[in-house]
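Here's the structure, in structure tokens; my notes come after.
The values are calculated or read from the model by the stated rules, or taken from the named source; none is laboratory data. Quick caveat: nothing in here was measured; it's all calculated off a predicted structure. Heads up, the Cβs are rebuilt from the backbone with ideal geometry, glycines too, and the neighbour counts pull from every protein chain shown. Surface accessibility is based on the protein's heavy atoms, side chains included, excluding ligands, DNA and RNA. Shrake-Rupley method; radii C 1.70, N 1.55, O 1.52, S 1.80 Å.
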Amino acid sequence: MDIKEIETDLSNKLSKKRFIHTLGVVNSAMYLAQKYGANIENAHLAALLHDCAKEIPLLEMRDLVANLPCDQDMLHSGALLHGLAGMVLANTQYGVTNPDILEAIRVHTTGKENMSKLDKIIFLADYIEPNRKFPGVNDIRLAAEQSLDAGVLCGFDMTIRHLIDRGDSIYPLTILSRNDLLRHMKKGGANNG
Ligand SMILES: [Fe+2]
Ligand SMILES: [Fe+2]
């Protein structure tokens with residue numbers, strides 16, 4: 001499928017709200033890719049597909065990832081699992097084979113240690129896309145103008161604070177990813193912009 005066909009397919013499969021969000025993420029991801037010197041076409045495709053599995057039932061997500069390593073926390077949460085399931089769908093249903101794009105889809109919710117520039121762009125675009133209205137979103141937008149790392153850090157911070165405020169558990173990889181990012185930033189910002 002070419003990118004236009006993928007967009008049409010998603011417009012039919014996703015809810016209107018999710019599709020509008022998706023186009024917002026495409027917009028922000030392409031902007032960030034241009035600003036920070038990443039491949040714009042890869043950012044476009046990864047953003048378009050980042051939530052392709054978000055609305056499928058949890059049991060179907062589990063079927064999709066059945067042959068992949070996945071911990072219990074993730075298996076019980078569609079909010080966490082849709083990245084991994086989306087990576088599988090992007091590959092099997094939409095024919096994406098570029099490992100950088102697949103990885104950015106996989107980690108867009110949790111982050112990971114040693115995120116690539118594309119991983120950071122999709123993670124961050126998901127927060128700052130123009131339709132997002134949550135309190136504090138402008139702080140992340142401002143941080144994203146300083147550097148990719150500053151924006152991603154602000155996203156991690158806000159998510160972790162939000163989870164604590166709601167009394168929710170924090171997925172351990174999110175903490176590890178934030179610690180890793182901080183380490184790289186203290187070393188002098190050598191972690192992909
Ligand atoms: Fe998502
Ligand atoms: Fe999203």
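Here is a yes/no grid of residues against (1) under 12 Å from the mean Cα position of the chain (by Cα); (2) of a type outside the set (A, V, I, L, M, F, W, C); (3) within 14 Å of ligand 1 (Cβ to nearest atom); (4) at pLDDT 95 or above:
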| position | (1), (2), (3), (4) |
| --- | --- |
| Leu84 | yes, no, yes, yes |
| Thr92 | no, yes, no, yes |
| Glu103 | yes, yes, no, yes |
| Arg106 | yes, yes, yes, yes |
| Met115 | yes, no, no, yes |
| Asp126 | yes, yes, yes, yes |
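Screening Glu113 with (1) buried (at least 19 other Cβ atoms within 10 Å of the Cβ); (2) of a type outside the set (Gly, Ala, Ser); (3) assigned to a loop (DSSP other than H, G, I, E, B) gives one miss only, at (1). Whenever a residue of segment 101-112 is closer than 8 Å to Gly83 by Cα and more than 13 Å from ligand 2 (Cβ to nearest atom), its partners that are of a type in the set (Gly, Ala, Ser) and open to solvent by less than 10 Å² (accessible area, probe 1.4 Å), lying with C-beta atoms within less than 7 angstrom and at least six residues away or across chains, give the pairs Arg106/Gly83.
Remark: pairs (first residue in segment 4-22, farther than 13 Å from Tyr94 by Cα; second residue more than 16 Å from ligand 1 (Cβ to nearest atom) and open to solvent by less than 70 Å² (accessible area, probe 1.4 Å); Cβ separation under 8 Å; 6+ apart in sequence or on different chains) = Phe19/Ser11. Within segment 25-72, being touching a Ser or Thr at 6+ places or on another chain (Cβ under 7 Å) and buried (at least 16 other Cβ atoms within 10 Å of the Cβ) holds for Leu48, Asp51. For segment 78-121, the set of residues classified as charged (D, E, K, R) and in contact with a Cys (Cβ under 8 Å, 6 or more places away or on another chain) is empty.
Taking the conditions (1) open to solvent by less than 70 Å² (accessible area, probe 1.4 Å); (2) within 23 Å of Leu48 (Cβ to Cβ) in turn, Lys133 satisfies each one other than (1).
Based on what the data block shows, is Ser11 assigned to a helix (DSSP H, G or I), out of contact with any strand residue (DSSP E or B) (no Cβ under 9 Å at 6 or more places or on another chain), within 16 Å of ligand 2 (Cβ to nearest atom) and over 22 Å from Leu118 (Cα atoms)? First the steps, then the outcome.
Working: assigned to a helix (DSSP H, G or I): yes; out of contact with any strand residue (DSSP E or B) (no Cβ under 9 Å at 6 or more places or on another chain): yes; within 16 Å of ligand 2 (Cβ to nearest atom): yes; over 22 Å from Leu118 (Cα atoms): yes.
Taking the combined requirement at face value, the residue satisfies it.
Taking Ile170 as the residue in question, decide whether it is touching a Cys at 6+ places or on another chain (Cβ under 7 Å), open to solvent by less than 60 Å² (accessible area, probe 1.4 Å), modelled with pLDDT of 95 or more and of a type outside the set (S, T, N, Q). Give the steps one after another, and end with the answer.
Values: touching a Cys at 6+ places or on another chain (Cβ under 7 Å): no; open to solvent by less than 60 Å² (accessible area, probe 1.4 Å): yes; modelled with pLDDT of 95 or more: yes; of a type outside the set (S, T, N, Q): yes.
Judged against the criteria, Ile170 is not a match.
Considering only segment 160-167, I want to know if a residue exists there that is modelled with pLDDT of 95 or more, more than 16 Å from the chain's Cα centre (by Cα), over 19 Å from Arg106 (Cα atoms) and surrounded by 13 or more Cβ atoms within 10 Å (Cβ to Cβ).
Yes: one or more hits.
Tallying residues that are under 18 Å from Lys112 (Cβ atoms) and part of a loop (DSSP other than H, G, I, E, B) within segment 144-166 yields 0. The helices (runs of 4 or more DSSP H) located wholly in segment 48-96 that include 3 or more residues which are within 16 Å of ligand 2 (Cβ to nearest atom) and touching a residue at least 12 places away in the same chain (Cβ under 8 Å) occupy 78-92.
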